[in-house]
Amino acid sequence: MHTDSPRHKGLRNRMIENLRTKGINDEKVLQAMNEVPRHFFLDSSLENLAYDDRAIEILCLQTISKPSTVATQTHLLQLQPRMKVLEIGTGSGYQTAVLARFNLILYTIERQRDLYIQAQETFKLLNIRPKCFYGDGYKGLPGFAPFDRIIVTCGAKEIPVDLLKQLKVGGIMVIPVGNQTQTMLKITKTNENEFQKEEFGEFAFVPMLENKAK
Ligand code: SAH
């Protein structure tokens, strides 16, 4: 059973100060990250690493994203309360929980069944209720589209066309695109068939794979 002790809170404050030294200065994002106990999303044997700025292995050979990466992606989304947001790659659920601090209508898709199940257990502990789906994020959620924002937390070889379709005009998608490493893209849908693309540095994500895992 996880607890959030004064020691964890102290480590979390240090993580936030460390993010500031890396140039992350979005106060809303830093506050949200200060409110989410990242160690809840890890195996208890790895708890001591929870507040370092590093990716850590979770189930199914996947990784929880680095805090600085979570901060960057969350910042680029420019969230406002009540927005409809789709996340691809629930993984541990940590990024989802940070998004949940922004009072959104939140949907998240994971292709690994074990992670889909475990993340929901963690969400229950934290009393948050994103709408969780087990499926292929390349397809998005056509039944719930369009979305104000889409965030992809795995490395896509190319920009998934279905996700572009499911974005509102004026909406933003934040997605790392590339093979070995990925360029973080912020894509703004300026018109039904027009997009503006901006680049925000190189990152290393686990790959975005097609179809559900068995
Ligand atoms: N935000 C998560 C990142 C986990 S790693 C966290 O911080 O814990 C990326 C996740 O994307 C993995 O769990 C992987 O299984 C998932 N993934 C990869 N391809 C996917 C796809 N096509 N649809 C949904 N999830 C996918």
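The values are calculated or read from the model by the stated rules, or taken from the named source; none is laboratory data. Because the structure is a prediction, the values reported are computed rather than measured. Glycine gets a Cβ as well: all are built from the backbone with ideal geometry, and neighbour counts include every protein chain shown. Heads up: the accessible areas ignore ligands, DNA and RNA and are worked out on the full protein's heavy atoms, side chains in. Shrake-Rupley method; radii C 1.70, N 1.55, O 1.52, S 1.80 Å.
Laid out as a table, the results:
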{"read-out": "Accessible-area ranking of Arg20, Arg111, largest first, probe 1.4 Å", "value": "Arg20, Arg111"}
{"read-out": "Rounded to 10°, Cα long-axis angle of helix 6-21 versus longest principal axis of the chain", "value": "50 degrees"}
{"read-out": "Degrees between helix 113-125 axis and first principal axis of the chain (Cα, 0 to 90, nearest 10)", "value": "60 degrees"}
{"read-out": "Accessible area per residue in Å² at 1.4 Å probe, computed on the stretch 49-91", "value": "39 Å²"}
{"read-out": "Accessible area of Leu125 in the full protein assembly, 1.4 Å probe (Å², nearest 10)", "value": "90 Å²"}
{"read-out": "Rounded percent of accessible protein surface that carbon and sulfur make up, the chain, 1.4 Å probe", "value": "48 percent"}
{"read-out": "Under the Karplus curve 6.51 cos²θ - 1.76 cosθ + 1.60, θ = phi - 60°, whole-Hz ³J(HN,Hα) for the stretch 152-159, x wherever Gly or Pro sits", "value": "10, 10, 9, x, 8, 5, 9, 6"}
{"read-out": "Accessible area (Å², 1.4 Å probe, nearest 10) - Phe102", "value": "30 Å²"}
{"read-out": "Which of Lys124, Lys139, Lys66 is most accessible, then next, and so on - probe 1.4 Å", "value": "Lys124, Lys139, Lys66"}
{"read-out": "Approximate spin-label separation Ala204-Ile117, in nm, with each point projected 7 Å along Cα-to-Cβ", "value": "3.1 nm"}
{"read-out": "Built amide H within the under 5 Å cut-off of Ile56, gap 5+", "value": "Ile64"}
{"read-out": "Debye equation applied to the C-alpha atoms of the stretch 1-148, log10 I(q)/I(0) at 0.14 Å⁻¹", "value": "-0.64"}
{"read-out": "Entries in Lys9/Lys157; Lys66/Lys197; Lys28/Lys66; Lys124/Lys186; Lys9/Lys168; Lys9/Lys139 that, when Cα-Cα distance is taken, lie over 29 Å", "value": "Lys9/Lys157; Lys124/Lys186; Lys9/Lys168; Lys9/Lys139"}
{"read-out": "Degrees between helix 67-77 axis and first principal axis of the chain (Cα, 0 to 90, nearest 10)", "value": "40 degrees"}
